[in-house]
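Visitor: Following this message is one structure expressed as structure tokens.
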Amino acid sequence: MDISLSHVVRLTDNGMHVPLLDGTTAYFNNYWLRDNCPTSFDSQTRERTFDIFHEAEAPRPARVEVTDGALRIEWAGSGHLTRHELTFLAGYSKGAPRPDPADLPRRAWYSDHYPAIARFPQPELLKDKALVARWVEAMLVDGVAIITGMPDSNEGLDDLARLIGHIRPTFFGEYFDVRTHIKPTNLAYTAKALEMHTDTPAEDVAPGIQFLHCRANSVSGGANLFLDGVAVANDLKREFPEDFKLLAETDVGYYCEHDHYDMRSRQRVIELDEHGEVSGVTISQHMFDISDLSQEFLDRFYPAFCRFGRMLQSDKYLMRFRLEATECIVFDNHRIVHGRAAYSATEGDRYLRGCYTDRGEMRSTYRALTTEGRFKG
Ligand SMILES: [Fe+2]
């Protein structure tokens, strides 16, 4: 076999050590080098069109050289030529996760956050993609934003949600309406408090981004309550690390059951991201299933769970405000815990229309708006 090697590339059984532009040498696997040849990707669809499953043998180089800032490989058997830029190789030389522009550090917030909530006018968002990127950035960092100037229409909400994703149904459907019409004669009507929760935890993957469009709010009372689950969980981690560990590592059951449905899932009360940082919480007392964990384990779990639950009612974290007609609050349903104070009203209307989109699709929107991707052109 005629193997011609540049003196700087050292072949091994499964790959090669390649000198990079910064003077270091990095190892690359032959499958990886062949699979990710620039010719493997269709320039229009940007999809991988080369199928390594169709290769009968493990890829093996016949000739290798580094020249003009690139690694050139002629593959044995097929004679296929691969050219990898050394700058491209450097990005994959350490086995580190690919940099993600949507992986922004979260900024925990507390009860005084209301004046600082990022606000964006809906009509401006529809015209300005850069403003959409700033909105998504606020969603990634703070987990919440208020959209102002909403039209009093169903389409106004549709148009807004579609800026960052597709409407994502739950088993209740695509939209939900929270409507209370109180006639002046209904003096005894009382709207109960809604305890702090995240929505529909009984689904395999609870919806990611929640929209609550206030169409009317002329009742008195009924304050909206929101808190940052990341802030609470981080405090628990610092003050009661054993409790934190239990809530971050135990799968607990959530349910939603009636005559024609029986939804069940297992979730962690505190969710961690790939860095081990708190990314959110899943909490809902009215959907917390009868626990089937061992009773001995529950001796330890319940005190931790209740400590966390009491923290979720603390004034340190609870942001209270009144959502007004023409406003839409948008928040991360896996991070922001929400509820409503009880109200006793004798007149007025209260109407919120809501829907969901996905977090992953929102991050995709952000990447597409702020970066050019890997296969531009
Ligand atoms: Fe809710």
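Each reported figure results from applying straightforward, stated rules to the coordinates on display, with no laboratory input. This one's a predicted model, so the numbers in the text were calculated from it and none came from an experiment. Positions of Cβ are backbone-derived with ideal geometry, glycine not excepted, and every protein chain shown enters the neighbour counts.
Visitor: With both bridge residues required to lie in the chain, what share of the DSSP beta bridges run antiparallel, to the nearest 5%?
Guide: Roughly 90 percent of the beta bridges in the chain run antiparallel, per DSSP.
Visitor: Follow-up question, since we're still on this one. Take every Cα-Cα distance within segment 252-377, group them into 5 Å bins from 0 onward, and report for each bin the whole-number percent of pairs it holds.
Guide: Bins of 5 Å from zero give 2, 6, 11, 16, 17, 16, 13, 9, 5, 3, 1, 0, 0 percent of pairs.
Visitor: Oh, and also: Which of the peptides 45-52, 239-246 is most tightly packed, and how do the rest follow, judged by the mean count of other Cβ atoms within 10 Å per residue?
Guide: 239-246, 45-52
Visitor: Sticking with this one: Per the Kirkwood definition applied to all pairs of different Cα atoms, how many angstroms is the hydrodynamic radius of segment 4-90?
Guide: Here the Kirkwood hydrodynamic radius works out to 13.4 Å.
Visitor: If each DSSP helix of 4+ residues adds -39,500 (n - 2.57) and the sum is divided by the residues in the chain, what number results at 222 nm, nearest 500 deg cm²/dmol?
Guide: Rounded to the nearest 500, it is -6500 deg cm²/dmol.
Visitor: For Asp228, what is the net charge nearby, where nearby means another residue's Cβ is under 13 Å from its Cβ and Lys, Arg count +1, Asp, Glu -1?
Guide: Taking every other residue near Asp228 into account, the sum is 0.
Visitor: To continue, here is another question. In segment 111-370, how does Rg compare with the Kirkwood Rh, expressed as the Rg/Rh ratio over alpha carbon atoms?
Guide: When Rh is taken as the Kirkwood radius, the ratio is 0.97.
Visitor: Taking the Cα centre of the chain as origin, work out the dipole magnitude from +1 charges on Lys and Arg Cβ and -1 charges on Asp and Glu Cβ, in debye rounded to 20.
Guide: So the dipole magnitude of the chain works out to roughly 800 debye.
Visitor: Now, a different point. Within a Cβ distance under 12 Å of Asn154, other residues only, what is the Lys/Arg minus Asp/Glu net charge?
Guide: -4
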